[in-house]
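Student: First the structure, then my questions, so here it is.
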Amino acid sequence: MISRVQCRLFHAAVRLLKKTPAEQRWLSRQLQDPFVKSAQQQNYRCRSAFKLLEIDAKHGILQPGISVLDCGAAPGAWSQVAVNRVNATGSDLQAAVGSVVGVDLLHIPLLEGAVFLSHCDLLDPKVKARIQETLPGGEAQVILSDVAPNASGIRELDQQQFVELFLCILGLAERVLSPSGTLLCKFWDGANTFLLQKQLAKLFGEVKILKPSASRKESSEIYFLARRFRRS
Ligand SMILES: C[S@@+](CC[C@H](N)C(=O)[O-])C[C@H]1O[C@@H](n2cnc3c(N)ncnc32)[C@H](O)[C@@H]1O
């Protein structure tokens with residue numbers, strides 16, 4: 001008699017055999033990743049939810065009633081966390097009701113409590129105007145950015161694209177982030193990290209660099225947590 005677990009392992013092994021070596025490495029890493037399993041069990045759209053959950057648990061950036069802008073939101077795991085934490089569906093009758101707006105180049109599947117701007121390029125100035133129109137009162141108290149460019153494999157080019165996106169998010173913050181607001185923004189650690197940290201320090205009262213445990217050790221991704229925005 002084959003157990004359900006043995007059956008699942010068998011199918012995973014068959015799936016593995018049909019893949020290219022790169023796909024096999026990716027799939028075997030996914031099958032062994034505890035955050036992938038937890039995401040499935042807890043109905044999160046992807047494992048990245050645990051990065052935001054950990055950062056929020058340690059640094060308390062999301063509260064009921066606030067307005068959140070989620071940049072690079074697809075498939076929507078960070079927005080799931082944000083909707084829950086800011087009480088965007090109003091499910092907690094005792095708490096203030098917040099809002100979540102998500103933006104991505106890709107389609108973001110519907111999520112109760114969130115407004116999504118799919119197929120929108122953050123680098124497009126018209127998109128910035130649309131974001132501002134969509135945010136309640138044209139402002140967000142927290143901007144989350146998990147935006148990552150498609151990696152070309154050429155390190156310098158990828159870094160340059162990341163810098164461009166980072167500066168774009170900073171421009172967006174200057175436009176829509178509330179005074180004293182918070183920005184959580186992904187970056188690939190490298191030659192530009194210190195410069196960008198200095199740039200953030202000009203605009204925010206406090207800047208930290210975080211590496212949550214759900215962020216893979218072999219990945220160069222880091223997160224800037226910038227608080228107490230000084231709006232000019
Ligand atoms: C790591 S994923 C985000 C995962 C998301 N935080 C979640 O939890 O579901 C990065 C996203 O950034 C988006 N992205 C990259 N460049 C973008 C751009 N110029 N404008 C909008 N979204 C962009 C990608 O399409 C991708 O969906």
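The values are calculated or read from the model by the stated rules, or taken from the named source; none is laboratory data. Just so we're clear, the structure is a prediction, and the values are computed from it rather than from any experiment. Glycine gets a Cβ as well: all are built from the backbone with ideal geometry, and neighbour counts include every protein chain shown. The accessibility values were calculated without ligands, DNA or RNA, using every heavy atom of the protein model including side chains. Shrake-Rupley method; radii C 1.70, N 1.55, O 1.52, S 1.80 Å.
Student: Counting DSSP beta bridges with both partners in the chain, what percentage is antiparallel, nearest 5?
Tutor: If I count the DSSP bridges inside the chain, around 40 percent turn out antiparallel.
Student: Also: In the stretch 49-177, if the dipole is taken from +1 on Lys/Arg beta carbons and -1 on Asp/Glu beta carbons about the Cα centre, which of PHE162, GLN141, CYS120 is farthest to the positive end?
Tutor: Checked the options; the winner is GLN141.
Student: Could you sort LYS37, LYS58 by accessible area so the largest value comes first, with the probe set to 1.4 Å?
Tutor: Output order, biggest surface exposure first: LYS58, LYS37.
Student: Which three extents, in whole angstrom, do the alpha-carbon atoms of the stretch 44-229 cover along their principal axes, largest first?
Tutor: Projected onto the principal axes, the Cα atoms of the stretch 44-229 cover 49, 33, 31 Å.
Student: Roll a 1.4 angstrom probe over the protein heavy atoms and tell me the percent of accessible area of the chain that is carbon or sulfur.
Tutor: With neighbouring chains kept in place, the figure for the chain is 55 percent.
Student: Separate question: Rounded to the nearest 0.05, what FRET efficiency do LYS202 and SER118 have when you use their Cβ-Cβ distance and R0 = 30 Å?
Tutor: Calculated transfer efficiency: 0.35.
Student: Which FRET efficiency value, to the nearest 0.05, is calculated for GLN94 and THR20 with the Förster distance at 45 angstrom and r the Cβ-Cβ distance?
Tutor: 0.30
Student: Which lysines have a Cα less than 28 Å from the Cα of LYS37, not counting those fewer than 8 places away in the same chain?
Tutor: Qualifying lysines at Cα under 28 Å: LYS18, LYS19, LYS51, LYS58, LYS186, LYS211, LYS217.
Student: Also: Hey, what do the phi angles of the stretch 129-139 turn into as Karplus ³J(HN,Hα) couplings, whole Hz, using 6.51/-1.76/1.60 and θ = phi - 60°, x for Gly and Pro?
Tutor: 5, 5, 4, 4, 5, 7, 5, x, x, x, 9
Student: Okay, next question. Would you mind working out the accessible area per residue for the chain, using a 1.4 Å probe, and quoting it in Å²?
Tutor: Heavy-atom accessible area per residue stands at 55 Å².
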